[in-house]
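I have placed the structure first, in the form of structure tokens, so that the comments after it can refer back to it.
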Amino acid sequence: MLTLKDVTVRLGGVRILRNVDLKIEKSSTVALIGANGAGKTTTLRTIMGLTEMTGQIEFDGAVLSKVAPSRRPGLGIGYAAEDRRLFSGFTVEENIKMPGQVAGYSDADLAAKMERVYEILPELKEMAKRPAGAVSGGQGKMVALGRALVIGSKLIMLDEPFQGLAPALAHKYADALRKLRNRDREVTLIITESNPDLLRKFAERTLVIERGEIREARSHITTG
Amino acid sequence: MTSILSKRWLLVFIVALLIVAPIVAPSTQVLLTLALAKSLAVLGVIVLLQAGQVSFGHALFFAIAAYGAAFLGRSMGGGEILLNLVLGVVAASAVALIVGLFIVRYRHIFFGMLNLAASMIFYSFLEKFYYITGGSDGLSVPRPTVLGMALERAEFEWILFYGALLLVLGALALTHRFLTSPLGQMMRAIKTNEVRLEYLGVSSRRVLLAGYVLSAALCGLGGALMATAQGIVTPEYAWWIRSGEFVFIAILGGAGSVNGALVGALAYEFVKNYAAAFAADIWQLVLGTVLLVVILFAPNGIVGLSQRLGNGRSEKEEAGQ
Amino acid sequence: MNVQLFALAIVDGVSYAALVFLVAVGLTLIFGVLRVLNVAHGSFYAIGAYTTASVGGAIFAAGFSPWLAFPLMIVAAVLVGTLIGGPIEKFLLSRIYHLEDVLQILVTFAVFLILEDFQRLVWGVQPLFEATALNQLGTVTVFGITYTAYQLIFLPVVAVLVLVGLRLGLRRTLTGRLITAVTEDREAAITIGIDAEKVYLITFIVGASLAALGGALASATTSVVPGMGADMIVLSFAVVATAGLGQIEGAAITALMIGLGRSFAVYVWPEMQVLVPYLIMFGVLLVRPQGLFGGIEARKI
Amino acid sequence: MLKTILNTTTALAFLTTAAFAEETPAEVKIGITAFLSGPASVFGEPAKAAAEMIIADMNANGGIGGVPVSATFIDEGAGGEALLSEYRRLVESEGVDAMFASISSGNCTKIGPLAEDLKVLNIMWDCGTQTIFEENDFRYSFRTQANATPEMLSTLLYLLRTKPDFKTIAVVNQDYAWGRDSWAIFSAALQQLKPDAQVVAEFFPKFGSPDFSTEISRLQALRPDVILSTSWGGDLDTFVRQASQRGLTNTSTLVLPLGESSLERLGDALPAGHIVGARGDHYFLHPEKINDPAFVAFVDAFTEKTGDVPTYPVFHVSQALAALKGAYEKAIADNGGEWPSDEQVIDALEGLTFAGLGREVTIREDHQGVEDQLLGTTIRVDGYDFALLDNMMMFDGEPITTPVDQVSSEWLQTLTPAFIDSVPVDTFQHNN
Amino acid sequence: MSETVLLQAKDLEIRFGGVIAASGINIEIMEHKNLAIIGPNGAGKTTFLNMCTGYLKPHAGKIFFDGEDVTGIAPRKLVRKGVARAFQIPQLFTEHTVLENMLMAGAAQARNWAPLTRIDRIAQRGEMVHMLEMIKCAHLADRLVSELPEGQRKLIDIALALALKPRLLFMDEPTSGVASSEKFEVLEIISGALQESKVTAVFVEHDMGIVERFADEVAVWNRGQVLFRGAPDDILKHPDVIRDVIGEEL
């Protein structure tokens, strides 16, 4: 499904990812854990084409690293960045719809996708008409997830989704992910997190990133 | 160590060339004097570039000093070259202190634009108040005495040229010293992190103001020298294209390096004059193309280029001066 | 100053403001999206004027309907924006977005120098004048003073149409939304599939076309001469900085302020006329450092 | 010590140049400064084209004393430093025999002292400021045409003779030295010759202003009888067009001392009945030359080459070339047929009379040329799609030029209304 | 140890737009007692630091340092009074070397602006090198900051603050960029440097292990308020704290 081969990324002369080789199976849920600055975000950004890299990335039978960054979402990849990155001048609904409009979905298609989003994240419906700049940080994470769902028919990548969420909201967010899991079995899910305990029950597979290298977690690490 | 050697060598080579130039090719003497005067102004722009700020209005200080020299010379019936230069520096610094108090609150585009606006106001003033400033025809600057001696043109120009060369070398050395001082280092710190500077207990505005006044003083020295060498001052001294020219030369020479001011100014005058002489119709086109090529292919300017060719110095070392 | 002169000053100020706005709004649009302050913008203004005046002169001499003057302006503006602006963005600017501000400005400065000579090589140095469009619309008398309908009515109407059109276009059309999205967050826009490079190109073409349209409209009222772009660019900078970088409505209001200030100066204190834009700029920035409509970007620590 | 070395070098350099001077050279080299870029290139480009044509013609007819002439051009638009250093380069490195400088009065002011230092013949071929020879005593510089004082004075005389009853006048001039100086001369003379005339507005819009709408609105409200504008190039074109579009040309008489250089471009924007001058007796339908086949042939050839009719800078450059040729020929004659030294050529210029495309010009002992002044009133004629001149007057240059050793600003104060009719004038109508 | 109140916050309040980021914050910071601030993201911890160090001006309330009212005064003035700060995202001069960064701090501390004297003659070079040794970074002295990994930058960020010889040091998540296996080691280094410099520290921290080991006191933040304050052992076992701050598994 998704394969990274010998991927190296440098930022300002520092190697953030070092010769990463990685294979992620279809329909799996993968947790990518590691400390701040270890390279979690860079890994996702590299898959989205936002960094200068060497090596090769394959996705769904195509060489992803040769696809222009802006054409990658169209392959069915949804991505929610750690800091939400909503377009504050548009309403919540416009934000969520936008990737679909860009990809040229038909009206019916888009309506169906929106249906799916609201089914998984019913709380978005209530704030659909509010400007995205006016929702709170936690709600914004929900909107970002919704936006990733619209386009992410094959792969959804969430960068630190629980960071900064109040516990109550975090539970809602986790519920939404479970619903998604149950509804669309074939979607692959990659979630990064700095607190390894949070995803313990959730992920089928845990990868640890440290000093720019990714390895399988031997067991679930606990704090202390 | 080799890198420092190569840098010194470049400078020594150019200075040696300059020393013999008026003897070997007398017609280049005035051109070179003007290039030296400009290199002082460019040095001023480079000081600000250390802080990551670019002024599209430093011709203001160049012009203030130039007009200062003109007024002084006219009111004294000739004037004295040392007075011209001192007055130029003082006038430019004083105005920079006042304008600077306002402008150092701004950064980047706004900094550039406000400087542009300030210089355009002065430019408009020079054009508009004809009975004071001579309008667009400007004012003539009488040939001043040198240490009290009245000289013929040829002698005067010799002294002006070698004097200018000494001034430029002195200014290069002083600026270099300044940049290694705490203020100079903090100028460079403004470029990367003003928040931290504040949290070291330092006012970044005051640091920038110090650099601003120094840069204006250098422009003033250049302007007064230029006015004295040219024998005339016109509002064109304050025109925004001239400010752009200073920035252009700074980049051409290599913005990270004070020596770039001299190298850039010489290269620029050379290109501009020969373009104007041999391609009168398209000299702007030639100049623009040179600039594009420099930015796209040698963004560290001539000094950077010579270092890269010289010994394959890595870029990060250059950033450290 | 009596009421009549007051009214006249307003009328004069508005028609001048309309032209200034058209040029400045293109500049601010390009800055808002590309974050590049385009010094060559004045060149598009000049080339738009030259193209309209020279082509217009040729087709009217050949006996075509004088009403063609109006569509000609639009065609000329779009052609200049696309054929000259397009390649500049695609082959030059697109390579310098990662560079420092200074270098970006200098690149556009270099383009400006090159285009200045380009104009001379193509159109020579003799002033061109082509007022067919203006003459078609006749004159209007206000308070006993004759105005051309072109300046009194047509130019302000075009400016308002452009303002409203840009606003609606950015809010209501998909392309406009994409531009808005890229303006706010280029990277986020890419991650939802927006081709930011294309958006940059389109924006630059639109901005350059607006400058060229300003020139095309001006060509009916003024002589097209070498150096006309240099003056316009400095004025547009003042408008854009005063308004706040990237602010479209702000550019309209600032252009109006400058237009009115300038015409009142002619009535009250002509010596101040050229200083008005800069004095307004300093005055505004003294009170609001980010410009009339600009927002403050705080550093996250 | 240094001073001695310097002196020796300079002296040596001087000796070497002097030694070559009297051998017949392979060619007479001249350098011509003119605006080839910027707004004033409307003057520089036609002058350059004309100079090339005239020089080719001269060379085809034996050049100067059998020696061909070659010209190099310098762009005044490239800025002061480039101009001065290029000027020096031509003199010092290329060994140019004479320099023609320049269009801009500011540049003439800069170059005058330089020419003295370089000891090179410098013909001020187009610049107009009257102060040059009033404030300086140059040996090496000469002006082969009139200056601002006779140009403005003749304009005022024409106005007073054709429209003696006007009451109010306004001025719209470019805001730079020429615009200011020309108005100072005109208004000083107006004070003396018609003290009851009222100046109702003085506008000095900035040089290169794209829009005069506000000024025109005010002028419409003020309704002056006469509007003077000494503007030129795009500024004048824009002003006249906007004035005519808004009907200002119906209510006020325009007086345009440099209007001749814009006539063709203005086309039908300039209606009949307005006063136009030409900075001398310069007009492509010069009433005394219109039947001279050489003149007509030149005008036709020029129009053929450039697409435009010749305007005053063309006449000015022709005068400068004629003066140079005349001076050399006179010096050769004085030198017993031998090739003259530079200094002999310079001596020959004083008192020289020569003719370019227009009437004869004489160089006075203060090196100022005395040139007659032609003005006319616009008229629309079939066959031309732009205005021509009618009711032309050619004023004798001598009485309207500030006398030697006097300063214009003071001399103008001595004029009285009787002066108006004392100046000899020839009058011509269109179609003679 | 004496019980001097070094910094006192009284009824601090601040809003962003309509959102209240701090309301009625009252807290006293004792000299020589290291205080850890914990709480969920968005609780207003960094906002509190920003107010105490002059980056933000509270809309209401007062801040006293050493008994003096310092509410709303600029960071650089507070620094000169003895309040220094280290940042969550290290704030360094990236185009300078590590030593040059330190020298600037030294020169700032010396307040000598001689424009033509080299900075290393003004700053106490030896002292600065010593500080780098204290944080085990002396070997990096000539490296450009932009080349260093986040963890080392955080240490240098703290060293810069210590070079100012403050009495009170605020640290925003000192271990956030540090790999979990190295956190303790890093904190040991910092703690050693703090002790040697006799500086009181206030630090925001998410890792409860670190808090337990290095804090003398803990204050719990939530929704712009101080909920609890006390000894680490008591606070970290409080059920409300566990529920709202430390969090459970999802």
Query raised in the report: Just how many % of Cα pairs in chain D lie over 26 Å apart, if you round to the nearest whole percent?
Result: 55 percent
Requested in this report: Within 10 Å, count the other beta carbons around each residue, average over each peptide in C:28-36, B:25-33, D:140-148, and list them highest first.
Outcome: D:140-148, C:28-36, B:25-33
Query raised in the report: Counting other C-beta atoms within 10 Å, which of B:Ile14, D:Ile216 has the fewest, and how do the rest follow?
Result: B:Ile14, D:Ile216
Query raised in the report: Based on the Cβ-Cβ distance of E:Lys81 and E:Trp113, what FRET efficiency does E = 1/(1 + (r/R0)^6) give at R0 = 22 Å, to the nearest 0.05?
Result: 0.65
Report task. Would you list which lysines come within 28 Å of B:Lys128, measuring only between C-alpha atoms, while excluding same-chain residues fewer than 8 positions from it? Result -> B:Lys38, D:Lys110, D:Lys206
Report task. Neighbouring Cβ atoms within 10 Å as the yardstick, rank C:Met73, D:Met58, C:Met281, A:Met53 fewest first. Result -> D:Met58, A:Met53, C:Met73, C:Met281
Query raised in the report: Between C:Val142 and residues 5 or more places away or on another chain, which pairs have amide H atoms under 5 Å apart, with H built 1.01 Å from N, and which residues are they?
Result: C:Tyr147
Requested in this report: Work through the residues other than C:Ala196 whose Cβ is under 14 Å from its Cβ and net out their charges, Lys, Arg +1 and Asp, Glu -1.
Outcome: +2
Report summary line: Here the percent of antiparallel bridges among DSSP beta bridges lying wholly in the protein assembly as shown, to the nearest 5, is 50 percent
Query - Kirkwood Rh, angstrom, region B:8-319 [1 / mean 1/r, Cα pairs] - result: 19.6 Å
**Report entry** Cα-based equivalent ellipsoid of chain E: semi-axis lengths in Å, sorted from largest, via gyration tensor
**Finding:** 30, 22, 16
Query raised in the report: Going down the list A:Lys141/E:Lys237; A:Lys125/A:Lys179; A:Lys5/E:Lys183, which pairs span over 28 Å between their C-alpha atoms?
Result: A:Lys141/E:Lys237; A:Lys5/E:Lys183
Report summary line: If D:Lys194, E:Lys45, A:Lys66 are placed from fewest to most neighbouring beta carbons inside 10 Å, the sequence is A:Lys66, D:Lys194, E:Lys45
Query - Antiparallel DSSP beta bridges within chain E, as percent of all bridges there, nearest 5 - result: 55 percent
Requested in this report: Tell me the label-point distance for the pair C:Ala58, A:Ser27, using the 7 Å Cα-to-Cβ offset, in nm and rounded to one decimal.
Outcome: 6.7 nm
Query - Ratio Rg/Rh [Cα only; Rh per Kirkwood] for region C:21-226 - result: 1.01
Query raised in the report: For chain C, modelled as a Gaussian network with Cα springs under 10 Å, which listed residue fluctuates most, C:Val162, C:Val20, C:Val142?
Result: C:Val142
Requested in this report: Pairs of Cα atoms under 8 Å, at least six residues apart: use those to get the relative contact order of region C:217-301, whole percent.
Outcome: 31 percent
Query raised in the report: Once the Cα atoms of helix D:2-20 and of chain D are each reduced to a long axis, what angle between those two axes, in degrees from 0 to 90 to the nearest 10, is obtained?
Result: 90 degrees
**Report entry** Set of aspartates and glutamates near D:Lys163 by C-alpha distance (under 17 Å), chain-local residues within fewer than 8 positions excluded
**Finding:** D:Asp196, D:Asp225, D:Asp390, D:Asp421
Query raised in the report: How high is the relative contact order of chain E, in percent, counting Cα pairs under 8 Å that sit 6 or more residues apart?
Result: 26 percent
Report task. Between E:Glu133 and E:Val5, take the C-beta separation as r, use R0 = 25 Å, and let me know the FRET efficiency to the nearest 0.05. Result -> 0.15
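Which helices, counted as full DSSP H runs in chain C, have an axial Cα extent of no less than 24 Å and a Kyte-Doolittle average of 0.0 or above?
Those that pass (Cα extent of 24 Å or more, hydropathy at least 0.0) are C:3-34, C:41-61, C:101-123, C:155-172, C:196-218, C:248-268.
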Query raised in the report: At what distance in angstrom do the alpha carbon centres of region C:180-232 and region D:319-398 lie from each other?
Result: 53 Å
Query raised in the report: Considering amide H positions built from the backbone, and no H for Pro or chain starts, which residues 5 or more places from E:Leu6, or on another chain, come under 5 Å of its amide H?
Result: E:Ile29, E:Met30, E:Glu31
Report task. For the protein assembly as shown, report the translational diffusion coefficient in µm²/s to the nearest whole number, using Stokes-Einstein at 20 °C, 1.002 mPa s, and a Kirkwood Rh over Cα pairs. Result -> 59 µm²/s
Query - Convex hull volume per residue in cubic angstrom - Cα atoms of region A:2-216 - result: 119 Å³
Query - Spin-label model distance (nm) - C:Val75 vs C:Thr175, 7 Å beyond Cα toward Cβ - result: 1.9 nm
Query - Anchor E:Lys62: aspartates and glutamates whose Cα lies under 16 Å away (excluding residues fewer than 8 positions away in-chain) - result: E:Asp11, E:Glu13, E:Glu28
**Report entry** Mean separation of Cα contacts under 8 Å, 6 or more apart, over the residue count of chain D: relative contact order %
**Finding:** 17 percent
Query raised in the report: Once the Cα atoms of helix D:213-222 and of chain D are each reduced to a long axis, what angle between those two axes, in degrees from 0 to 90 to the nearest 10, is obtained?
Result: 50 degrees
Report task. Distance between Cα centroids, region A:36-105 to region B:134-158: provide it in whole Å. Result -> 67 Å
Requested in this report: Calculate the mean, over all residues of peptide B:83-91, of how many other protein chain Cβ atoms lie within 10 angstrom of the residue's Cβ.
Outcome: 0
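Of E:Lys136/E:Lys165; B:Lys191/E:Lys33; B:Lys272/D:Lys48; E:Lys57/E:Lys81, which ones are farther than 27 Å apart at the Cα? Before the final figure, lay out the partial values.
Working: E:Lys136/E:Lys165 18 Å; B:Lys191/E:Lys33 37 Å; B:Lys272/D:Lys48 22 Å; E:Lys57/E:Lys81 17 Å.
From E:Lys136/E:Lys165; B:Lys191/E:Lys33; B:Lys272/D:Lys48; E:Lys57/E:Lys81, over 27 Å: B:Lys191/E:Lys33.
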Report task. Post the alpha-carbon centroid distance, region E:13-68 to region B:25-49, in whole angstrom. Result -> 54 Å
**Report entry** Residue-averaged [θ]222 nm for chain E, counting only DSSP H segments that reach four residues, each worth -39500 (n - 2.57)
**Finding:** -9500 deg cm²/dmol
Report summary line: Counting sequence-distant residues (5 or more places) and residues on other chains, those with an amide H built under 5 Å from that of E:Phe203 are E:Leu35, E:Ala36, E:Ile37, E:Met171
Requested in this report: Please identify, among C:Ala58, C:Ala241, C:Ala69, the residue showing maximal mean-square fluctuation in a Gaussian network model of chain C using a 10 angstrom Cα cutoff.
Outcome: C:Ala58
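FYI, it's all coordinate maths here, none of it is from the lab. Just so it is clear, the model here is predicted, and its values are computed rather than measured. Don't worry about glycine lacking a Cβ; one is built from the backbone with ideal geometry, like all the others, and counts go over all protein chains shown.
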